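The values are calculated or read from the model by the stated rules, or taken from the named source; none is laboratory data. Computed from a predicted model, the values in this text were never measured in an experiment. Positions of Cβ are generated from backbone atoms using ideal geometry, with glycine treated the same way; all protein chains shown enter the neighbour counts.
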Ligand code: ADP
Ligand code: MG
């Protein structure tokens, strides 16, 4: 069922949103993009005569009422953005330990707030929490919101049945946290380009000297297995943490970014792409000395006509800090949820709506 299929006129619609916004020490919202992103669903419901009741979590109050994590300021910001005050936002769900426990009685209590249920919180759809999963069983009328629909369209359809050539660029900190998604992608993509810290586990598995670079010793076997597919491309040169540019890492060296030869090689190979998925920065991009690889590959993927999909907290931050966001087809709002959806092709919070 889609949002448009629900008959919402005159009904109370309970919507799970993701208002888990960043705040400063004084409790001021420093970035309201998540609230803005929920507006299309909320406006649609209001325009169609629904009474809208929203619920969300914020931070980690660990099951206790802690006013530093109150959603009051989010409600105020929402009312400003909407230009109306008739939308209710329940207080932080994680003030109750039952939320994260997925407590059925708690979910049933929440369910009494609405006649229909809409889930627009993709970022928590991989959790079996009371408000994201358990609650759905108490509704006949339920659907994903527009934000959730968009994630399903891009991470589900576009990546499960990709237009080829389909390339994946994977970087970031640890192979161990992304092994599942790598195993799925290696069977779907025509090639995988691996950078970031995890590249060193692969290079070591391929028998190369990696010096003091981050290597996850206990994942060398897994890395070797993935390498045998023949579809994995590794960096050809490196920027070391001391600034040196090398092709072979010396014993005292630590790889901090992919080098220019790698950028040139990958850029060339990515030229004919029809679909590109990117997760994970290719170097320690927070430090401008090691951000060139991530920046150049970011520019390269936005030059062609490929469908480009970027997921992951740091990856999205990197794209935004480079001003490339508007040139990416889809920037996923979920970190862990995006990767789990690509890996498994489903998420509890999405399945529960069916
Ligand atoms: P995402 O949030 O997009 O999934 P990750 O959290 O997996 O990405 O990884 C981001 C982190 O990886 C960044 O903090 C970045 O500094 C780090 N990183 C990338 N390349 C390296 C490297 N060569 N050495 C150490 N850390 C790295
Ligand atoms: Mg991260």
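Here residue 298 fulfils each of the conditions (1) touching a strand residue (DSSP E or B) at 6+ places or on another chain (Cβ under 6 Å); (2) modelled with pLDDT of 95 or more apart from (1). Evaluating residue 270 against the criteria (1) buried (at least 18 other Cβ atoms within 10 Å of the Cβ); (2) within 16 Å of ligand 2 (Cβ to nearest atom); (3) farther than 15 Å from residue 173 by Cα leaves one unmet condition, (2). Just to check your reading of the model, which residue among 344, 327 is closer than 16 Å to residue 157 by Cβ and away from ligand 2 (no atom under 14 Å from the Cβ)? Sole residue among the options that is closer than 16 Å to residue 157 by Cβ and away from ligand 2 (no atom under 14 Å from the Cβ): 344. The helices (runs of 4 or more DSSP H) falling completely within segment 114-215 that include 1 or more residues that are in contact with a strand residue (DSSP E or B) (Cβ under 8 Å, 6 or more places away or on another chain) and away from ligand 1 (no atom under 14 Å from the Cβ) map to 146-151, 179-188.
Within segment 302-331, residues that are closer than 14 Å to residue 150 by Cα and free of Cβ contacts under 8 Å to residues at least 24 places away in the same chain reach partners that are within 14 Å of ligand 2 (Cβ to nearest atom) and part of a helix (DSSP H, G or I) with beta carbons closer than 6 Å, at six or more positions or on different chains, in the pairs 331/316. Taken over segment 15-39, the criterion of being assigned to a strand (DSSP E or B) and over 12 Å from residue 76 (Cβ atoms) is satisfied by 15, 16, 23. Among the residues examined, residue 179 qualifies as touching a residue at least 24 places away in the same chain (Cβ under 8 Å), surrounded by fewer than 21 Cβ atoms within 10 Å (Cβ to Cβ) and within 16 Å of ligand 2 (Cβ to nearest atom). I'd like the full set of residues that are away from ligand 2 (no atom under 16 Å from the Cβ) and surrounded by 17 or more Cβ atoms within 10 Å (Cβ to Cβ), limited to segment 299-321. Those that are away from ligand 2 (no atom under 16 Å from the Cβ) and surrounded by 17 or more Cβ atoms within 10 Å (Cβ to Cβ): 300, 301, 302, 306, 307, 308, 309.
Among the residues of this structure, residue 235 counts as one that is more than 16 Å from ligand 2 (Cβ to nearest atom) and either in a helix (DSSP H, G or I) or buried (at least 18 other Cβ atoms within 10 Å of the Cβ) (or both). Taking the criterion of being surrounded by 15 or more Cβ atoms within 10 Å (Cβ to Cβ), over 26 Å from the mean Cα position of the chain (by Cα) and without any contact (Cβ under 8 Å) to a residue 40 or more places away in the chain, the only residue of segment 245-259 that qualifies is 259. Annotation: residue 242 fulfils all but one of (1) assigned to a loop (DSSP other than H, G, I, E, B); (2) in contact (Cβ under 8 Å) with a residue 24 or more places away in the chain; the unmet one is (2). Considering segment 284-295, the residues that are touching a strand residue (DSSP E or B) at 6+ places or on another chain (Cβ under 9 Å) and within 13 Å of residue 322 (Cβ to Cβ) include one that is surrounded by the fewest Cβ atoms within 10 Å (Cβ to Cβ), namely 292.
Within segment 89-107, identify whether any single residue is in contact with a strand residue (DSSP E or B) (Cβ under 7 Å, 6 or more places away or on another chain), touching a residue at least 60 places away in the same chain (Cβ under 8 Å) and either more than 30 Å from residue 306 (Cα to Cα) or surrounded by fewer than 21 Cβ atoms within 10 Å (Cβ to Cβ) (or both), and answer yes or no. Yes, segment 89-107 contains at least one residue that is in contact with a strand residue (DSSP E or B) (Cβ under 7 Å, 6 or more places away or on another chain), touching a residue at least 60 places away in the same chain (Cβ under 8 Å) and either more than 30 Å from residue 306 (Cα to Cα) or surrounded by fewer than 21 Cβ atoms within 10 Å (Cβ to Cβ) (or both).
Close Cβ contacts (under 9 Å, 6 or more residues apart or on different chains) running from residues in segment 276-290 that are without any contact (Cβ under 8 Å) to a residue 12 or more places away in the chain to residues that are more than 7 Å from ligand 1 (Cβ to nearest atom) comprise 286/317; 286/318.
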